[in-house]
Amino acid sequence: MMPRILKIVITVIIFVILLFVIVWPFSPAGIQSRNLRTAETLIPTVESLLELDDRFAELKVGRYTGGGGGMQIIGWVKDQDVEDDLKEVISAMDIPVHVEYRLRYKSASPDETTESGTSATSD
């Protein structure tokens, strides 16, 4: 026969484990973790696709922990037209996680740069 306190401790431990297993996938941390894993598996595919176009040669693709987790594309593009083309290519891939863009424009002069700001696509 188990002492009463041991039964209570075991019951609480089982309750906490079940609560964690049930709640974790829907918590912000669980969602972010899942989105980061998804982004991690898609990064090589996105990189391969971007390598096919010389206009995207100065871009890097990585994981992004903001916005619930997702993918980040950072680097230099020539102008707004190239940025729009990049976003069109990425949008056509139908990536199931948030995509954050951190792009800068190159100008004709190597000393001048223009930041395009931060823009993102929705999930």
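With of a type in the set (Asp, Glu) and under 17 Å from His98 (Cβ atoms) as the only criterion, which of Glu47, Glu51, Glu40, Glu58 stands out?
Working: Glu47 fails: under 17 Å from His98 (Cβ atoms); Glu51 fails: under 17 Å from His98 (Cβ atoms); Glu58 fails: under 17 Å from His98 (Cβ atoms).
So the residue among Glu47, Glu51, Glu40, Glu58 that is of a type in the set (Asp, Glu) and under 17 Å from His98 (Cβ atoms) is Glu40.
Suppose we filter Gly30, Gly62, Gly69 for residues that are touching a His at 6+ places or on another chain (Cβ under 9 Å) and of a type outside the set (Ser, Thr, Tyr); which single one remains? Walk me through it before giving the result.
Numbers: Gly30 fails: touching a His at 6+ places or on another chain (Cβ under 9 Å); Gly62 fails: touching a His at 6+ places or on another chain (Cβ under 9 Å).
Being touching a His at 6+ places or on another chain (Cβ under 9 Å) and of a type outside the set (Ser, Thr, Tyr) holds for just one of Gly30, Gly62, Gly69, which is Gly69.
I'd like to verify a number: residues in segment 59-68 that are at pLDDT below 95 and of a type outside the set (Ser, Thr, Tyr), how many?
Qualifying residue count for the region: 3.
How many residues are open to solvent by 10 Å² or more (accessible area, probe 1.4 Å) and touching a strand residue (DSSP E or B) at 6+ places or on another chain (Cβ under 6 Å) if we restrict to segment 97-110?
The qualifying residues number 6.
The values are calculated or read from the model by the stated rules, or taken from the named source; none is laboratory data. Since the model is a prediction, treat every value here as computed from it, not as a measurement. Methodologically, a virtual Cβ is constructed for each residue, glycine included, from the backbone with ideal geometry; neighbour enumeration extends over all protein chains shown. To get the accessible areas, we keep the full protein, side chains included, count just its heavy atoms, and leave off ligands, DNA and RNA. Shrake-Rupley method; radii C 1.70, N 1.55, O 1.52, S 1.80 Å.
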